[in-house]
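Every number here is computed from the coordinates shown, using simple stated rules; none is lab data. Fair warning: this is a prediction, and the values are worked out from it, not measured in the lab. For neighbour counting, all protein chains shown are included, and Cβ atoms are generated from backbone atoms with ideal geometry for every residue, glycine included.
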Amino acid sequence: MKKYLNNIWLGIYTVLIGMKITFVHLFAKNVTVQYPNKHPLDKAGGDKMPMNARNRIFNDMELCNGCNGCARACPVNCITVETLKVVPGDAPPLKNGEKRGLWVTNYTIDFAKCCFCGLCIDPCPTEAIKMTTEFEYSQYDRGNLLYKFSKMTDEQIKQKKELLANFTAEKAKKEAEAKKAAEQAKAAEAPKPETGDGK
Amino acid sequence: MEHQILTFYDWVAKLSSSELVALILIVTLPLVFLIVYALVAILGELKISAFIQERLGPMRTGPWGIIQPVAEVVKLLQKEDITPDAANKPLFNMAPFLMFTAAYAGFAVIPFSSHFVPAGINLGLFYIFAMGSLAVIGLVMGGWASNNKYSLLGALRSVAQIVSYEIPAAIVILSIVVLASSMNLQVINANQGGWFWNWYVFGGPGSIWKLLVIPFTFGMFLLYLIASLAETNRTPFDIPEGESEIVAGYHTEYSGMKFAMFFFAEYANMFVVAALLSILFFGGWNSPFGDFMNGPIWGVFWFISKSFFFVFVQIWLRWTLPRLRVDQLMGVSWKVMTPVAFLCFFAVGLWAMLK
Amino acid sequence: MSETKRIEFEYSQIDSERMRLNVGPQHPSTHGVLRLEVELDGEIVTEVVPHIGYLHRCFEKHCEKMTYPQVIPYIDRMDYISAMNNEWPYVMGIEKLMGIEIPEKVEYIRLIFAELNRIANHQIAIATFGLDAGAFTPFLYLFRDREFILSIFEKASGGRLLYNYFWVGGLAADVHKEFKQDVLAIVKQVRETNKEIADLLLYNKIFIERVANVGILPADVAINYGCSGPVVRGSGLAFDLRKDAPYSFYDRFDFDVITGHGEVGTVGDCFDRNIVRFHEMEQSCRIIEQAIEQMPMEGDVREKLPKKIRPPKGEIYTKAENPKGELGFYIVSNGTDKPERIKSRGTSFVNLSVLPEISKGYLFADLIMILGSIDIVLGEVDR
């Protein structure tokens, strides 16, 4: 009987305590913020998004030297890098003054695949690729999430390709000539050893 | 109703010299009230739950989101009305309307003011109680006809629940009838006139000796509050629709307007029990302060604010408490509430006899 | 009223048809995409068959194609509630294989973050457990506090849920300047909320009725099934890797291993498992306070990061006390930059296996509570 009454008392008492707590909270300050009105990037009400938040990736093509390190580090293979070799003297240096060795003809990040792990940031030698705080970039079409960072037009690429082809052809020619010359010189220096072919 | 000099019905009939207009008006007024109330209650539920949880709640529709319930009703109206293939279609379609009808029928005898009651029948209390039990038929109907195992579980739970909670509720109501010696809600209200210590929660009108009976009447109030929560399937007794266990219980398969009807019926039921609480225990349309702000018009204000307070208590409790298990629910009803209700009934009866 | 016992049926005597109910994969309280095939006799559960694999993503096989650092984001996604704790045994294993000595500051930051994440995990566990019982409000109070913890993580790592913060040989980034004050403020807030939660939810009579004497897991059954973490500690066994096999600096701190002792019901019931989590949050607060005191603020967290991660040939098993129990990684290295094999001992998976054993004979509503008290994350069960 004592337990029975105690149970009833506990039931009522704990419910009243719970009601007291929720009643106090009824007049407490709200912790939620209205998102588009109060943007997490401009410190309103709640927490400000820190500047190192890992959101959309940005790649500075002025700095990118096309080393492909980010694409190799990516666990989901969302970065595609295509490069062309630079003909010496043709390209302006990178923003940080380094010599540009590769034209980045295609630098695409598929943000539908990106998992925002931040692994691509570390291997970049020129600190071209960065994670920004930009997070509002939803699209109706998945294709729009393919971000092409390279600004090179098809024409430019074609031109550069031709240039490179010419250059390599020339180089190959030169090399072949040089080789020939070297061979000739060699042949002239030391007479060819007789091979056991002569009959 | 003999003691009423001029009711709202008579007044309209006199004014328009047509009984029909008065009849239509008196039937539609509660419906209009119900719809307005439901919208307010839905908003209240959204906002109170939000504030309790330190959220803002709906904010987009109108200033502070006050048009949110309208938007929700419109959304529900637009939705596709799905009837499952395997469902028993007549029953499935009938259930929500039966439930709403049962809830709305309760409004027929609710006295909003000393001069306004849609149907001032002498068996008002009996009637309202009967209508409250009718809802369970709609519930079982919906649950069974859905042909869904979760719905079936919910429906069967609800039967067990309502059947067991009717008993303490009925005994409490009987005790009030003993105190008031009437089943007419207007008479019960009129009995509690004057200052607030004449309310039945404080033992009703009487001498200083009524202090002895106050613990019992207050206990009755608590019992009826708990039983009314169970009758309206609100937390902590929301096992027929216990979200985390049986998904949505009896209305798992409902969508669109039919779901809205269940929704409306729940809120209507909430008001009916809240109204009954305020009528039986808190003087209904009587002002708490004697003649201060008393009268037919103020009566509407007092009645509605008292009822809204109990609706608020229901919402408040819902966002505070966890849910009981089905066997504990029955245990509370049969092992605790029914004996206590009998005790109260006995005490009140004794007091009424000796008074 | 708390005399609820498991209902043992003599099936031959009761002539009733049993109903097979499909709970999940889309169900409000299966905590993800778990599917339970439940056989019900009325409301009484007679059989439970968990079906898993709806979230299977070939984690272990996938790792064989990944380089070592690339695996870490995938480990985050195993038990996404406590990602920091998940990363730890993995990086610890590779560090041991490669013989890297990590700086003291790194170790302290890892430890503090792991404990903070333990608090966050237990907050979710208690919150969703309350939600299973129908209490919605404590859920949001706990989530509110968890946001503060996540903010600290975000300030350090940049991510709110999936951090990729513990790297082999160090950390991805240093903590911010006001780190210590912020963490102490969080500890204070956690304690405040916990007081409220105890009153509002845990010691509420209705809640106690729901969870006491339900889902009793005896210690021997827990051992047989290989349970760990709060599940086994709730059964009264003081098994905690932080004490039993101290890794990192756990031997430097003063804290208790909380075990269930049948406070309101039987030892090993749902209440005990839950209250163990609740008190563990307090112990984590104690550890954090001590660690904050000892932690040096100067030093570079990235100085020991190796250029190339190529562990020598060999294999290693490392384990750590995850919030949910013992999480282990068995790493086989073949000397290249990709692992030969990674096997993870998923805590939730092992703990879930005990569910059919302990849920028979209870009511259907209890099954939900038992499942909630085990605190599974389907990301880890299915991997």
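Pop the C-beta distance of residue B:218 and residue A:33 into the FRET formula with R0 = 45 Å and round what comes out to the nearest 0.05.
After rounding, the FRET efficiency stands at 0.55.
Could you work out how far helix B:68-78 tilts from the main Cα principal axis of chain B, as a 0 to 90 degree angle to the nearest 10? Taking Cα atoms only, the helix is inclined about 50 degrees. Proximity of backbone amide H atoms, modeled 1.01 Å from N, is registered between residue C:229 and C:326 at under 5 Å, excluding neighbours fewer than 5 places apart on the same chain.
Just checking the output field for B:243-254: average partner chain Cβ neighbours within 10 Å of each residue's Cβ? Kindly include the intermediate steps, with their values, before the conclusion.
Details: counts 6, 16, 15, 8, 5, 1, 0, 0, 0, 0, 0, 0.
Counting Cβ atoms of other protein chains within 10 Å of each residue's Cβ and averaging gives 4.
Each 5 Å bin, from zero up to the one with the longest distance, holds this percent of the alpha carbon pairs of the stretch B:82-354: 1, 6, 13, 17, 18, 16, 12, 8, 5, 3, 1, 0, 0, 0. Can you give the angle from 0 to 90° between the axis of helix A:2-26 and the longest principal axis of chain A, with both taken from C-alpha atoms, to the nearest 10? For helix A:2-26, the angle is close to 60 degrees.
DSSP loop trypsin sites (Lys or Arg not before Pro) in the stretch A:84-126 with at most 15 other Cβ atoms within 10 Å of their Cβ, which ones? Can you show the working numbers first?
On the way: sites: A:85, A:95, A:99, A:100, A:113; in loops: A:95, A:99, A:100, A:113.
Hits after loop and neighbour filter: A:95, A:99, A:113.
When the listed pairs A:38/C:155; B:89/B:258; A:113/C:96; A:113/C:313 are checked against a 21 Å cut-off, the alpha-carbon distance exceeds it for A:113/C:96; A:113/C:313.
Taking a point 7 Å out from the Cα of residue A:72 in the direction of its Cβ, the residues of the stretch A:93-125 whose backbone N falls within less than 12 Å of it are A:123-125.
Sequentially through the stretch B:331-340, phi angles give Karplus couplings (6.51, -1.76, 1.60; θ = phi - 60°) of x, 4, 5, 7, 8, 10, 6, 5, x, 5 Hz, Gly and Pro residues having no value and appearing as x.
Couplings 3J(HN,Hα) for the stretch C:155-165, derived from phi with the Karplus relation 6.51 cos²θ - 1.76 cosθ + 1.60 (θ = phi - 60°), are 5, 7, 9, x, x, 9, 10, 10, 8, 6, 9 Hz, where x marks Gly and Pro. For the residue pairs A:95/C:308; A:48/C:205; C:307/C:343, alpha carbon separations beyond 30 Å are given by A:48/C:205. Backbone geometry of the stretch C:105-114 corresponds, through the Karplus equation with coefficients 6.51, -1.76 and 1.60 at θ = phi - 60°, to 3J(HN,Hα) couplings of 4, 4, 4, 5, 5, 4, 5, 5, 5, 5 Hz, x marking Gly and Pro. Amide H contacts under 5 Å for residue C:40: C:19, C:20, C:21, C:46, restricted to partners 5 or more places along the chain or on a different chain, H placed in the peptide plane at 1.01 Å from N.
Based only on the alpha carbon positions, what is the Kirkwood hydrodynamic radius of the stretch A:40-94, in angstrom? Let's see the in-between values first.
Values: mean 1/r = 0.0682 Å⁻¹.
Kirkwood radius, the stretch A:40-94: 14.7 Å.
Candidate cross-link partners of residue C:319 among the aspartates and glutamates, defined by an alpha-carbon separation under 12 Å and a same-chain spacing of 8 or more, comprise C:87, C:240, C:244. A Gaussian network model of chain A, with springs between Cα atoms under 10 Å, assigns the largest mean-square fluctuation among A:107, A:147, A:13 to A:13.
When both the stretch A:55-86 and the stretch B:145-207 are represented by their alpha-carbon centers, they are found 73 Å apart.
Once Rh is set to the Kirkwood radius over Cα pairs, what Stokes-Einstein translational diffusion coefficient, in µm²/s, holds for chain A at a temperature of 10 °C and a viscosity of 1.306 mPa s? Here the translational diffusion coefficient equals 67 µm²/s. Taking all Cα pairs closer than 8 Å and separated by 6 or more residues, the relative contact order of the stretch A:28-171 comes to 29 percent.
Which residue, B:125, B:280, B:77, tops the fluctuation ranking in a GNM of chain B built on C-alpha contacts under 10 Å? Highest fluctuation among the options: B:77.
For the stretch C:139-218, the relative contact order is 23 percent, taking Cα pairs closer than 8 Å that sit 6 or more residues apart in sequence and dividing their mean separation by the residue count. Taking amide H as placed 1.01 Å from N in the peptide plane, residue B:56 has its amide H under 5 Å from the amide H of A:32, each at least 5 places away in sequence or on another chain. The label point for residue B:25 and the one for residue A:151, both projected 7 Å from the Cα toward the Cβ, are 7.7 nm apart. Under a cut-off of 21 Å between alpha-carbon atoms, report the lysines in cross-link reach of residue A:171, not counting same-chain residues fewer than 8 places apart. Correct list for residue A:171: A:85, A:99, A:158, A:160, A:161, A:179, A:180.
Our summary gives the stretch A:102-161 a relative contact order of 55 percent, counting only alpha carbon pairs under 8 angstrom and 6 or more residues apart. One way to sum up the overall shape of the stretch B:1-78 is the equivalent ellipsoid from its Cα gyration tensor, whose semi-axes run 38, 15, 9 Å, largest first.
Convex hull volume of the Cα atoms of the stretch B:17-61, normalised per residue: 65 Å³.
For residue A:85, the shell of other residues with beta-carbons less than 11 Å away shows a net charge of +3, using +1 for Lys and Arg and -1 for Asp and Glu.
Eigenvalues of the alpha-carbon gyration tensor of the protein assembly as shown, scaled by 5 and square-rooted, set the equivalent ellipsoid semi-axes at 68, 33, 26 angstrom, largest first.
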